[in-house]
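Read through the structure below, which is laid out as structure tokens, and then see the notes.
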Amino acid sequence: MSDYLEYMAKHGHEQLVLFADESAGLRGAIAIHDTTLGPALGGCRMWTHPTEEAAIMDVLRLSRAMTYKSAAAGLNLGGGKALILGDPRKDRSEALFRALGRQVEALGGRYVTTEDVGTTSSDMQHIAKETRFVTGLPIEEGGSGDPSVVTGYGVYMAMKACAQEVWGTDDLSGKTVALQGLGKVASNLIEHLKKEEARLIGTDISEERVRWAAETHGVRPVAPDDIFGVETDIFAPCALGGVLNDRTIPLLRCQVVCGGANNQLLEDRHGEELHRRGILYAPDYIVNAGGVINLSFEIGRPYSREAALRKTAEIYATMAQVIATSKQEKTPTSRAADRLAEARIAAVRDIRMRLGEARGPR
Ligand code: NAD
């Protein structure tokens, strides 16, 4: 246990809650990384980790990533994550998610949960029977529904900001975009790219998705392994994490990497490597913040898709700011994005402390 506390102290985590409810078959954890900006928002993941230690390290790491994503997106939210230890194909039940809901409720609003890998919006409906601190409910329930529409729009805005930097215009007409993954985020992104008459190349491990993209949108298919080396202006990872690594980076023949997938860099040093090679990397959590922005518009107010899209359009300016900092400070964009998030948290923490001091003891 002391190792976790050491890790939490080093990385600024506020709280780790472990829980078990044998009657509901629930074992899991909630990590709250930082609540300086507001309640800690982050998904509830359900997964079979090889060990409990791996699971807890995962929830700690993911909660911290959420702090950075929300802070850089200008949201009044902190970062958190929940984890249910279990197999999402076999172990899900109403009782399980209600029991998780009670754990969320016990935190009194410090943590707000939502769907993630292994959970669905119908699981969120079970959680909502036990707590108000859940978001990402279906539209019919007054929720924000499928976030990928908004996420795809945010990726498009980030791409335009990158184009402005590299080609001196944010018009994407005639530019080639190579998409890895043709799922929900990519298909929404494709809608925007098509309007600008960008040329599209794509791959997916699902033949059905490849056929759909080719037939509906004229996406030129390539084999999954060939997507890295394809000649393109922009490479858009929209499938998996860890795809920018020692093996793939030397293959890239693009000027910009900008896509919706989470955790694209296998390690931080891969952001440095892209920078060194003169490839403009749009940091994933800046680019795909549309999802969390969408959720934030469901918390404590009636959801408005228009308002969520308006806020998501700001990703263009955020991306431009990241590029400017990267150039000024001669640092990779991945590092510049972290600095942006850290500076916002530090400024708000500072205001809070000064106001607290001015008020004196209560
Ligand atoms: P999705 O499941 O709809 O699409 C992913 C697609 O990638 C699938 O079609 C899958 O077959 C394909 N794929 C998987 N492995 C592949 C491989 N090796 N090569 C090529 N294709 C492969 O998921 P999504 O909602 O579109 O999310 C895509 C990425 O964006 C994920 O990393 C997700 O975490 C991230 N993201 C999504 C949202 C959102 O709003 N949905 C928000 C933020 C981040």
Which listed residue, of Gly259, Gly271, is among the small types (Gly, Ala, Ser), away from the ligand (no atom under 13 Å from the Cβ) and in contact (Cβ under 8 Å) with a residue 60 or more places away in the chain: Gly271
Residues satisfying the stated conditions in the stretch 193-220, i.e. closer than 22 Å to Gly174 by Cα and either crowded, with 17+ Cβ neighbours inside 10 Å or not assigned by TED's automatic domain parsing to the domain that holds Ala239 (or both): Leu193, Glu196, Ala198, Arg199, Leu200, Ile201, Gly202, Thr203, Val210, Ala213, Val219
Wholly enclosed helices (runs of 4 or more DSSP H) of the stretch 248-362 bearing at least 3 residues assigned by TED's automatic domain parsing to the domain that holds Thr232 and more than 19 Å from the chain's Cα centre (by Cα): 269-276, 315-328
Evaluation of Thr151 against (1) within 14 Å of the ligand (Cβ to nearest atom); (2) free of Cβ contacts under 8 Å to residues at least 40 places away in the same chain (one fails), failing number: (2)
Filter result for the condition that a residue is within 16 Å of the ligand (Cβ to nearest atom), β-branched (Val, Ile, Thr), touching a residue at least 40 places away in the same chain (Cβ under 8 Å) and touching a Ser or Thr at 6+ places or on another chain (Cβ under 6 Å), over Ile299, Ile315, Ile293: Ile293
Single unsatisfied condition, Ala198 versus (1) hydrophobic (A, V, I, L, M, F, W, C); (2) away from the ligand (no atom under 14 Å from the Cβ); (3) touching a residue at least 60 places away in the same chain (Cβ under 8 Å): (3)
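One line per residue, one yes/no per condition, for (1) within 16 Å of the ligand (Cβ to nearest atom); (2) closer than 20 Å to Ala24 by Cβ:
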position	(1), (2)
Asp87	no, yes
Arg92	no, yes
Ala99	no, yes
Ala106	no, yes
Gly109	no, no
Thr119	yes, yes
Val155	yes, no
Ala161	no, no
Ala186	yes, no
Out of Leu193, Leu182, sole residue that is within 14 Å of the ligand (Cβ to nearest atom) and under 24 Å from the mean Cα position of the chain (by Cα): Leu182
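The values are calculated or read from the model by the stated rules, or taken from the named source; none is laboratory data. Just so you know, these numbers come straight off a predicted model, no measurement behind them. Every residue, glycine among them, receives a Cβ derived from its backbone with ideal geometry; neighbour counts consider all protein chains shown.
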